[in-house]
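No value in this document is a laboratory result; all are computed from the given coordinates. Quick caveat, the model's predicted, so the values are computed rather than measured. We place every Cβ from the backbone using ideal geometry, glycine too, and count neighbours over all the protein chains shown.
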């Protein structure tokens, strides 16, 4: 007798979030990226529609990174010293369809660039490439409150994904996203209750849940990955069961976490493998958007995604 699979049908779905606005929507991007929209748990294709594959963004900075592993630096060569050349290499050589720009140069310890200088840089970058952008601050709350409103305005109508909004520092960023037509990253410290509360607070400002992407603050392989995995699963179960406040797609900053591990720095191949395993594990826990660093790791994970979604 043929074994019958026990299939579960969920009454609700994950919100669909669009990154990048083309000409017909008031922007200048060459294409848009859609994430979310699932009506089932990750990869359970027989239980519900999964319309969008996980997407990968190449991480680039507005300055040359000084603390990246030598293997990462060598992967981009001389272009890593010039942000525009770095972007061109990602798009032209590595076929990046999405970029995550980190405004590290605005950090007080990394150049302390002002808001106007940062906004001018973003404007020039947008004019040089048609790829949709994720734009995140320098991870200094005070400085991000100064630079992100001008950066948001400089990218107005381009429907960027901007971040990161946290529970104690979300109002300025949320208001800028609302005014300029962007979506927002809501970052919580691996805590499902804080994630839910932050999404509600942002929505109270007027930004719809469909314009929120959650960053659960993941760990890499061997450094908290299992706990992050379980938190993501709990949030996805709650969302599919009807909790609209948790029905946002996930973004995971895989590259920055994977390359922190001392094991990743042991050898070139091991670093790539560390990033690949972290990313592939998170895809199976529900990650919709992965921000990664090494082009070889990105290539391998893209191949993994294609294999999972084949047929």
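So how long is each side of segment 185-270 along the principal axes, counting just the alpha-carbon atoms, biggest first, in Å?
Largest to smallest, the principal-axis extents are 47, 23, 17 Å.
Where Rh is the Kirkwood radius over the Cα pairs of the chain, the temperature 25 °C and the viscosity 0.890 mPa s, what D in µm²/s does Stokes-Einstein return?
For these conditions, the coefficient is 125 µm²/s.
Calculate the length of the line joining the C-alpha centroid of segment 74-89 to that of segment 220-255, in whole Å.
32
What residues from segment 114-129 fall in the zone where the backbone N is under 20 Å from a label point 7 Å along the Cα-to-C-beta line of residue 28?
Those under the cut-off are 116-129.
For residue 208 and residue 116 in one chain, what is 0.36 nm times their gap in residues minus the Cα-Cα distance, to one decimal in nm? Could you put the intermediate results ahead of the total?
Values: separation 92, 0.36 × 92 = 33.12 nm, distance 2.85 nm.
Value of the extension gain: 30.3 nm.
At a threshold of 8 angstrom on Cα-Cα distance, excluding pairs fewer than six apart, so keeping six or more, what relative contact order does the chain reach in percent? Kindly include the intermediate steps, with their values, before the conclusion.
Working: 628 pairs, mean separation 60.0, N = 311.
Relative contact order here is 19 percent.
So how far apart, in nm, are the two label points at residue 88 and residue 190 if each is 7 Å from Cα heading toward Cβ?
Spacing of the two 7 Å Cα→Cβ label points: 4.1 nm.
Distance from the Cα centre of segment 8-69 to that of segment 192-212, in angstrom?
Centre-to-centre (Cα) distance: 18 Å.
Need one number: nm distance between label points at residue 5 and residue 269, each 7 Å from Cα along Cα→Cβ, rounded to one decimal.
If labels sit at residue 5 and residue 269, their model points lie 3.5 nm apart.
Based on DSSP H runs of at least 4 residues, each adding -39500 (n - 2.57), what is the mean residue ellipticity at 222 nm of the chain after dividing by all its residues, to the nearest 500 deg cm²/dmol?
It lands at -12000 deg cm²/dmol.
Using a ≥ b ≥ c from the Cα gyration tensor of segment 159-311 (square roots of the eigenvalues), is it rounded, prolate or oblate, where a/c under 1.5 gives rounded and otherwise the larger of a/b and b/c decides, a/b for prolate?
prolate
Identify which of 183, 16, 172 has the largest mean-square fluctuation in a Gaussian network model of the chain, with springs joining Cα atoms closer than 10 Å.
Result for the chain, Cα springs under 10 Å: 172 fluctuates most.
May I ask you to sort 55, 78 by Cβ crowding, counting other Cβ atoms within 10 Å and putting the fewest first?
Fewest to most other Cβ atoms nearby, the residues stand as 78, 55.
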